[in-house]
Amino acid sequence: MDESPQAEEGSAGAPPVIELRNVSKTFGDVHALSGVNFHVSQGEIVGLLGDNGSGKSTMVKLMMGVHGPDSGGEVWVDGQRVRDWSVNRARALGIETVYQERALAEQQAIWRNMYMGRELVNRFRLLDIRRMRREASGVMSGHLGFTSTAVHPDNVVETMSGGEKQGVAITRALHFHARLLLLDEPTMGLSLSETRKTLDFVGSIKEAGRSAVLVDHNIFHVYPVADRLVVLDRGRVAGEFTRAEISMEDLIDRLYTVARTGRMEE
Amino acid sequence: MAEKTRSSDVAEEPSKSAVPASAGRVSVVSLRKQLRQHALTVATLGIAVVIWLAFLVAAPDVFLNSRIYSAFATTTPLFAMIALALTLVVITREMDLSFGSVMALGMVGFVKAYDYTGNVMLSVLACLVVGVVCGLINGYLVAILGIPSLVITLGTLFFFRGVELVLLDGRPVVLRDPEIEGLRDALNGRTLDIPNELLWTLAVAIVLWIVLNRTRFGAHVFLVGDNPVSARLMGVRVARVKIVTYVIVGVVSAFTGLMTAMQLATLFPTLGDGTLLPPIASVFLGGTSVFGGTGSIVGTFVGSFIVGSINAGVISAGIQGFYTQLFFGLVIILSLVLQTLISRRMRH
């Protein structure tokens with residue numbers, strides 16, 4: 001990597017939480033990602049920008065282990081190369097995602113959503129429903145301050161508002177003590193106050209010394225909270241800036257240029 | 001922690017608005033929840049009771065006689081067990097139509113293994129293994145190749161039947177060997193005057209209830225049926241979950257085939273031919289949603305005994321057999337129409 005990460009607090013020398021080296025991903029004839037190099041340092045918030053189809057969501061799914069990289073690409077976590085990259089592997093290494101589509105099962109109870117894919121079991125290998133309910137209820141009120149009755153752990157997600165659903169998705173990611181949170185369009189479909197809350201929450205990730213990747217269409221959401229901004233275009237990294245290096249206006253100009261020409265500078 | 005201070009000031013906002021309205025909201029929310037959880041079951045069972053009352057009025061001497069009820073305690077298990085297993089497949093938003101042929105093909109495994117080895121336990125094992133293989137084939141075609149299950153299991157329904165007919169040369173096999181009487185006792189005998197068929201069904205119901213409601217696999221069955229994309233993103237192995245549900249139906253179907261053939265003391269090449277409708281009717285009658293993601297073993301269990309009573313009732317009342325088809329068809333259509341209307345209302 002040619003530039004050193006700009007994380008402000010105490011991460012000098014520590015290897016990046018995650019690093020993608022020369023990662024490509026093709027689906028049939030579609031090159032979703034081509035030769036991408038990308039990293040997130042400890043305690044750093046990276047904003048991932050780019051137009052529709054630039055490869056942002058593919059990159060999130062790749063970092064979460066939903067997709068593996070095509071051959072030649074490498075995923076490194078804490079300075080170690082990980083070869084058997086999968087969702088469960090990524091989770092075991094402390095990576096969690098809040099997906100664009102929220103990845104909730106709407107007809108199921110909140111606690112089932114909270115523990116989706118890693119349900120707690122007792123010593124007989126049977127579901128520990130009581131504990132999952134209790135902990136779901138605890139984290140819902142603890143992390144996001146949900147006190148309304150609509151977020152009782154037995155309630156089905158379908159009955160909740162967009163913000164409450166997003167709350168479940170975020171709380172779920174947080175509950176497992178993620179060191180790296182991947183947030184794919186977390187403000188999509190949210191009201192103004194819910195958006196505010198979500199962005200405040202991204203700030204709090206940093207305060208807690210954790211890292212995050214924030215993907216959002218809206219540069220006004222990303223710029224204020226990101227330490228570093230990475231611009232994707234047609235599956236390639238088109239540019240990379242620390243917030244100190246570039247003003248929001250300049251960044252917007254450059255994004256238009258990229259959209260038109262595929263390059264950051266004309 | 002920085003996070004805690006943050007969450008406490010975030011907390012103020014919703015609590016302010018929630019407190020004054022909370023009393024009213026609790027009842028609305030819990031009522032809605034109750035409705036959502038039980039509406040399908042209650043409504044479909046209501047329909048079944050109406051049908052049953054119609055029978056009672058039409059043939060009171062038959063339906064007020066206890067004989068009919070002990071009769072259907074031995075006949076209902078012959079499809080109830082399949083219905084219980086099929087519930088899992090339907091919850092994953094798939095269907096299996098091939099179970100009738102698996103019943104017969106499993107029995108081919110039994111009689112062939114018995115011919116070669118003379119060992120009853122090995123033969124039972126062979127029968128169940130055939131069920132597993134059929135389930136794996138269905139599961140592979142549906143979950144890995146992604147072929148719509150309704151169509152492809154119609155294909156395997158004919159294919160498995162064809163294999164069975166070829167292997168049996170279309171001829172029945174009499175199962176009257178003294179060696180297998182012990183097996184017949186275990187499957188078709190009585191314990192404390194309760195038909196063993198009924199006890200086996202209870203056992204299958206309990207095991208599948210635990211599997212569905214108390215294991216990670218069961219939790220994944222619901223998630224896969226509710227939202228397969230989310231399930232995959234969250235690390236659930238969607239294809240594997242579906243394959244296992246098909247294998248369960250395969251094994252249970254083969255076992256049901258064994259129980260049925262032993263009851264009749266003959267393996268008829270047509271074994272399982274007429275069993276398509278009752279299991280499907282039972283599953284939907286029990287409130288398992290055709291849209292996937294919700295369903296219950298208890299509902300299917302109750303549903304199958306209602307279907308069984310209709311079945312027994314029609315036959316005992318001396319009504320011509322084709323009326324059963326009319327009723328099962330009606331039960332399936334009404335259950336599905338109700339499910340659709342209710343779930344549409346729940347969404348708005």
Next item on the list: Over the alpha-carbon set of the protein assembly as shown, divide Rg by the Kirkwood Rh and report the Rg/Rh ratio to two decimals.
Entry: 1.07
Check: Please state the relative contact order of chain A as a whole percent: Cα pairs under 8 Å, 6+ residues apart?
Finding: 25
Margin query: Given an 8 Å cut-off on Cα distances and at least 6 residues of separation, report the relative contact order of segment A:200-246 as a percent.
Written below: 23
Next item on the list: Specify the inter-centroid distance of segment B:75-115 and segment A:127-142, based on alpha-carbon positions, in whole Å.
Entry: 38
Next item on the list: Quickly estimate the mean residue ellipticity at 222 nm for the protein assembly as shown, helices only: each DSSP H run with n ≥ 4 gives -39500 (n - 2.57), and the total goes over all residues, rounded to 500.
Entry: -19000 deg cm²/dmol
Next item on the list: Quick one: which residues, 5+ away or cross-chain, put their amide H under 5 Å from the amide H of B:R190? H built at 1.01 Å from N.
Entry: B:N196
Notebook entry, point to check: Which one of B:L336, A:T97, A:V215 has its Cα pushed farthest toward the positive end of the charge dipole of the protein assembly as shown, where Lys and Arg give +1 and Asp and Glu give -1 at the Cβ?
Noted result: B:L336
Checklist line | q = 0.13 Å⁻¹, chain A: log10 I(q)/I(0) [Debye, one scatterer per Cα] | finding: -0.86
Checklist line | Spatially close lysines, pair count over the protein assembly as shown: Cα under 26 Å, gap of eight or more or interchain | finding: 20
Next item on the list: Would you tell me the mean number of C-beta atoms belonging to other protein chains that fall within 10 Å of each C-beta in A:122-133, as a whole number?
Entry: 2
Notebook entry, point to check: What is the mean number of Cβ atoms from other protein chains located within 10 Å of the Cβ atom of each residue in peptide A:105-116, rounded to a whole number?
Noted result: 6
Next item on the list: Could you tell me the distance between the Cα centroids of segment A:226-242 and segment A:47-68, to the nearest Å?
Entry: 12
Item checked: Mean Cβ neighbour count within 10 Å, used as a protection proxy, ranking A:227-237, B:96-106 highest first -> B:96-106, A:227-237
Notebook entry, point to check: Over segment B:74-304, what number does the Rg to Rh ratio reach, with both radii from the alpha-carbon atoms and Rh per Kirkwood?
Noted result: 0.98
Note to self: Please list, ordered by chain and number, the residues whose modelled amide H lies under 5 Å from the amide H of A:L232; skip anything fewer than 5 residues away on the same chain.
What the structure shows: A:L49, A:G50, A:A238
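How do A:H177, A:H221 line up, fewest other C-beta atoms within 10 Å first?
A:H177, A:H221
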Notebook entry, point to check: Between segment A:189-221 and segment B:191-210, how many Å separate their Cα centres?
Noted result: 54
Checklist line | Cβ-Cβ FRET estimate between B:T266 and B:E179, R0 fixed at 22 Å, reported to 0.05 | finding: 0.85
Margin query: For a quick check of your reading of the filter: which chymotrypsin sites (Phe, Trp or Tyr not before Pro) in segment A:199-242 sit in a DSSP loop and have no more than 13 other Cβ atoms within 10 Å?
Written below: none
Check: Can you run phi through the Karplus equation (6.51, -1.76, 1.60; θ = phi - 60°) for segment B:218-234 and list ³J(HN,Hα) in whole Hz, with x for Gly and Pro?
Finding: x, 4, 5, 4, 5, 5, 4, x, 6, 7, x, 5, 4, 4, 5, 4, 8
Check: Calculated FRET efficiency, A:R131 and A:F220, Cβ-Cβ r, R0 45 Å, to nearest 0.05?
Finding: 0.65
Margin query: Along the charge dipole of segment B:74-304, pointing to its positive end and built from +1/-1 on Cβ of Lys, Arg, Asp and Glu, which listed residue (B:N119, B:T270, B:N138) has its Cα farthest out?
Written below: B:N138
Next item on the list: For an R0 of 25 angstrom, estimate the FRET efficiency from the Cβ-Cβ distance between A:A259 and A:E101 and round to the nearest 0.05.
Entry: 0.55
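All of the numbers you see were taken from the coordinates with simple rules; none came from a lab. Keep in mind it's a predicted model, so treat the numbers as computed, not measured. For neighbour counting, all protein chains shown are included, and Cβ atoms are generated from backbone atoms with ideal geometry for every residue, glycine included.
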